[in-house]
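Reading through the structure tokens given below for one structure.
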Protein chains: 2
Amino acid sequence: MTFLDKLKFNADGLIPAIIQEQSTGRVLMMAWMNRESIQRSVDEGRTVLWSRSRQKYWVKGETSGHVQVIKDLAFDCDGDTLLIQVEQTGAACHEGYKSCFFRSIREKGNSVSVTEPQLAKPDEMYGKK
Amino acid sequence: MTFLDKLKFNADGLIPAIIQEQSTGRVLMMAWMNRESIQRSVDEGRTVLWSRSRQKYWVKGETSGHVQVIKDLAFDCDGDTLLIQVEQTGAACHEGYKSCFFRSIREKGNSVSVTEPQLAKPDEMYGKK
């Protein structure tokens, strides 16, 4: 896979990946990937991410069923960011919103608005803990 | 500005910002910001970025004229990424493309396609050096 050689990974061997819903253009989340998770994502056709907090691979949607089927994978001019277009099932955000970017600032940052409906409660998505 | 206290900056005091063209949904670039560049962006209504390579503030479009007028500023569930919707004049990419993500992979990464036209030559944007 030649394009991997064009990419620049950070000191931790990671690269940020912007995940966008192809059909609507909605930016869903930002995730981190390493060389192996990119390779697995390309091979499997779904996003396989690297969890920095848990230090392990994370097949997006494996628990919640909210998988991301990859439709396009682009990289930027500097080779240090990915843009992945997906078909998203359900909510991408662990808080139950379609997008993790469900809050926007108002009044020059003095207040914050929630800009989209909550599709599911987190305990419905993952089971109560 | 209260929302700044909800944000998590990395060890270098930076946070990644996804810049998206509001009218088309096209993701234009990923940039980095610090607390002051976010404050200046909000106050001035245009993107003021932090250049990691040059270690200085960078008013996007100051040299090329390709400014980004901010229409919306959102932040994600973890507070560690921004999504900024803009009105983009001309090309966002220093290589003369509308978007920095002008290359996508094909054949499972064995080849790469340029997916959009080059709007300007870099030496027309910045003057020959």
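I'd like the full set of residues that are in contact with a strand residue (DSSP E or B) (Cβ under 7 Å, 6 or more places away or on another chain), within 13 Å of B:GLY109 (Cα to Cα) and open to solvent by less than 20 Å² (accessible area, probe 1.4 Å), limited to the stretch A:24-41. Once the filter is applied, which keeps residues that are in contact with a strand residue (DSSP E or B) (Cβ under 7 Å, 6 or more places away or on another chain), within 13 Å of B:GLY109 (Cα to Cα) and open to solvent by less than 20 Å² (accessible area, probe 1.4 Å), the stretch A:24-41 yields only A:SER41.
Here A:ALA92 clears all of (1) open to solvent by less than 20 Å² (accessible area, probe 1.4 Å); (2) more than 8 Å from chain B (Cβ to nearest Cβ); (3) part of a strand (DSSP E or B) except the condition numbered (3). Being of a type in the set (D, E, K, R) and closer than 18 Å to A:ASN110 by Cα is a condition met by no residue of the stretch B:47-58.
Among the numbered conditions (1) in a helix (DSSP H, G or I); (2) within 11 Å of another protein chain (Cβ to nearest Cβ); (3) within 25 Å of A:ALA11 (Cα to Cα), the only one that B:ALA31 does not meet is (1). Annotation note: of B:GLY90, B:GLY96, B:GLY109, the sole residue that is touching a Pro at 6+ places or on another chain (Cβ under 9 Å) and under 30 Å from A:LYS71 (Cα atoms) is B:GLY96.
Taken together, the residues in the stretch B:42-57 that are free of Cβ contacts under 8 Å to residues at least 40 places away in the same chain and either crowded, with 19+ Cβ neighbours inside 10 Å or of a type outside the set (D, E, K, R) (or both) amount to 9. Of all residues in the stretch B:58-89, those being open to solvent by less than 10 Å² (accessible area, probe 1.4 Å) and among the acidic types (Asp, Glu) number 1.
From A:SER41, A:SER113, which residue is part of a strand (DSSP E or B), among the polar types (S, T, N, Q) and touching a Ser or Thr at 6+ places or on another chain (Cβ under 7 Å)?
Values: A:SER41 fails: part of a strand (DSSP E or B).
That would be A:SER113, the only listed residue that is part of a strand (DSSP E or B), among the polar types (S, T, N, Q) and touching a Ser or Thr at 6+ places or on another chain (Cβ under 7 Å).
Would it be correct to say that A:ASP72 is touching a residue at least 40 places away in the same chain (Cβ under 8 Å) and at the interface with chain B (Cβ under 10 Å from one of its Cβ atoms)? In short, yes. Within the stretch B:95-110, the set of residues being within 18 Å of B:GLU21 (Cα to Cα) and either open to solvent by 30 Å² or more (accessible area, probe 1.4 Å) or part of a strand (DSSP E or B) (or both) comprises B:GLU95, B:TYR97, B:LYS98, B:ARG103. Of the residues that make up the stretch B:12-23, is at least one open to solvent by 30 Å² or more (accessible area, probe 1.4 Å), modelled with pLDDT of 95 or more, within 12 Å of the chain's Cα centre (by Cα) and among the acidic types (Asp, Glu)? For the stretch B:12-23, residues open to solvent by 30 Å² or more (accessible area, probe 1.4 Å), modelled with pLDDT of 95 or more, within 12 Å of the chain's Cα centre (by Cα) and among the acidic types (Asp, Glu): absent.
For the stretch B:44-61, the set of residues classified as out of contact with any Ser or Thr (no Cβ under 7 Å at 6 or more places or on another chain) and on the phi < 0 side of the Ramachandran plot consists of B:GLU44, B:ARG46, B:SER51, B:ARG52, B:SER53, B:ARG54, B:LYS56, B:VAL59, listed by residue number. Checking the structure you have, find out if any residue of the stretch A:121-128 is loosely packed, with under 14 Cβ neighbours inside 10 Å, at the interface with another protein chain (Cβ under 9 Å from one of its Cβ atoms) and in a helix (DSSP H, G or I). Taking every residue of the stretch A:121-128 in turn, none turns out to be loosely packed, with under 14 Cβ neighbours inside 10 Å, at the interface with another protein chain (Cβ under 9 Å from one of its Cβ atoms) and in a helix (DSSP H, G or I). Out of B:SER104, B:SER41, one residue alone is small (Gly, Ala, Ser), closer than 30 Å to A:ARG40 by Cα and modelled with pLDDT of 95 or more. It is B:SER104.
The values are calculated or read from the model by the stated rules, or taken from the named source; none is laboratory data. A quick note: this is a predicted structure, and the numbers were derived from the prediction, not measured. Because the Cβ atoms are built from the backbone with ideal geometry, glycine has one as well, and the counts that use them run over all protein chains shown. The area values use the complete protein model at the heavy-atom level, side chains included, leaving out ligands, DNA and RNA. Shrake-Rupley method; radii C 1.70, N 1.55, O 1.52, S 1.80 Å.
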